[in-house]
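Visitor: Got a structure for you, written out below as structure tokens; questions coming shortly.
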Amino acid sequence: MVVIAVDGPVGAGKSTAARLLAKRMGYAYLDTGATYRAIGWKAHAEGTGLNELNEEDLASLCTRTRIEIALAHDSQRIVVDGKDVTAEIRTPEMSRMASAVAGFASVRSYLVRMQRQMGINLEGQYGGVVVEGRDIGTVVFPDAPVKFYMDADITERGRRRWEELKGKGLEVDLHEITRGIMKRDEYDKGRSVDPLRKAPDAIVIDTTGLALEEVVERMLKQIPQGTR
Ligand code: DC
């Protein structure tokens, strides 16, 4: 099974690099963060606040939520219960909701199963898939033949996320965004279920100061010929 796992913290440059890598290899691209965002979005749409989330309600919410991901080689659209929420799930508020729901075991076990199934289907369809997330190399696809763990220093990660949100027309403050990322890091790395950590066999890529092309070139060099 040709799965390339790409994990790492917010703003490490995972999404753009994973998308371009998938395109270069002719593989599908799967962004698993979007599934946590979808569940966070639905909880919010039902009027549940960040502090009201609980295991039991989220378990039932998962089973009555239809998440569809429409994929192409280098992009994906996400549809929840028939509504296209691709843009809506990207706001800072939805980032906080996604990080919060991702701390619940019931959500994780439900979504991990869904992500495995999606990955397997895509691998069959495209011959391979680049899967991006926080626990891909450790939990979702621990047998992936190639695993990357991407990171960058916090100042650069904050600036990248700030530019990305500004580019989407959102009014955002750089310091607030950086503080938000640090908080999410702490939460993603500190949660008891499937925390963000580097798989022992993952290749670390520090993207600080690197252009996108350079990052993807480094990744391609690490992928054994037989995998392509
Ligand atoms: O990659 P992202 O920012 O869209 O992810 C949103 C949240 O989902 C993030 O705070 C952590 C969580 N997440 C996770 O716990 N496991 C994954 N495989 C992907 C995302």
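The values are calculated or read from the model by the stated rules, or taken from the named source; none is laboratory data. Every value quoted in this text rests on a predicted model; they were computed, and no experiment measured them. A quick note on method: Cβ atoms are made from the backbone with ideal geometry, for glycine too, and the neighbour counts reach across all protein chains shown. What goes into the accessible areas is simple: the full protein's heavy atoms, side chains included, and nothing from ligands, DNA or RNA. Shrake-Rupley method; radii C 1.70, N 1.55, O 1.52, S 1.80 Å.
Visitor: Using the Cα centre as the reference, give the magnitude of the dipole from point charges on the C-beta atoms of the stretch 1-160 (Lys, Arg: +1; Asp, Glu: -1; all else neutral), rounded to the nearest 20 debye.
Guide: With only Lys, Arg, Asp and Glu charged at Cβ, the dipole is about 400 debye.
Visitor: Return a whole-number percent for the relative contact order of the stretch 31-84, with Cα pairs under 8 Å and 6 or more residues apart as the contact set.
Guide: About 32 percent, as a whole number.
Visitor: Do any GluC sites (Glu not before Pro) in the stretch 77-182 lie in a loop, going by DSSP, with at most 10 other beta-carbon atoms within 10 Å of their beta carbon, and if so which?
Guide: Loop-located and lightly packed - GLU171.
Visitor: Pick out, from THR91, VAL101, GLY119, the residue whose Cα sits farthest towards the positive end of the charge dipole of the stretch 82-131, with +1 on the Cβ of Lys and Arg and -1 on the Cβ of Asp and Glu.
Guide: VAL101
Visitor: Taking the alpha-carbon distance from LYS147 and a cut-off under 16 Å, which lysines remain once sequence neighbours fewer than 8 residues away in the same chain are dropped?
Guide: Within the straight-line cut-off, LYS147 pairs with LYS14, LYS198, LYS221.
Visitor: Moving to a separate point now. When only DSSP loop residues count, what GluC sites (Glu not before Pro) in the stretch 1-85 have their Cβ near at most 10 other Cβ atoms within 10 Å?
Guide: Here the sparse-neighbourhood loop sites are GLU46.
Visitor: I'd like the accessible area for LYS166, computed on protein heavy atoms only with a 1.4 Å probe and all protein chains in place. Round to 10 Å², please.
Guide: Spelled out: LYS166, probe radius 1.4 Å, area about 100 Å².
Visitor: Rank these residues by their accessible area, most exposed first, probe 1.4 Å: HIS175, HIS44.
Guide: Ranked from most to least accessible, the order is HIS175, HIS44.
Visitor: Determine the dipole magnitude for the stretch 68-150: charges of +1 sit on the beta-carbon of Lys and Arg, -1 on that of Asp and Glu, nothing else is charged, the reference point is the Cα centre, and the result goes in debye to the nearest 20.
Guide: Charge dipole, the stretch 68-150, about its Cα centre: 220 debye, nearest 20.
Visitor: Could you tell me whether the stretch 141-228 comes out rounded, prolate or oblate from its Cα gyration tensor? Rule is a ≥ b ≥ c as square roots of the eigenvalues, rounded for a/c under 1.5, then prolate if a/b exceeds b/c, otherwise oblate.
Guide: oblate
Visitor: Take every Cα pair under 8 Å in the chain that's 6+ residues apart, average their separations, divide by the length, and report that relative contact order as a whole percent.
Guide: The normalised contact order for the chain reaches 33 percent.
Visitor: Checking the a/c ratio against 1.5 first, then a/b against b/c, what shape does the Cα gyration tensor give for the chain?
Guide: Taking the square roots of the gyration eigenvalues as a ≥ b ≥ c, the chain is oblate.
Visitor: Compare GLY128, GLY47, GLY33 in a GNM of the chain, Cα atoms joined below 10 Å, and give the one with the largest fluctuation.
Guide: GLY47
Visitor: If you don't mind, another one. Residues of the stretch 97-168: accessible area per residue at 1.4 Å, in Å²?
Guide: 38 Å²
Visitor: Which percent, to the nearest 5, of DSSP beta bridges fully inside the chain are antiparallel?
Guide: The antiparallel proportion sits near 30 percent.
Visitor: Could you give the length gained by full extension between GLU88 and GLU213, i.e. 0.36 nm per residue of separation minus their alpha carbon distance, to one decimal place?
Guide: Value of the extension gain: 42.2 nm.
Visitor: Using a probe of 1.4 angstrom, how much of the accessible area of the chain is carbon and sulfur, in percent?
Guide: It is 51 percent, rounded to a whole number.
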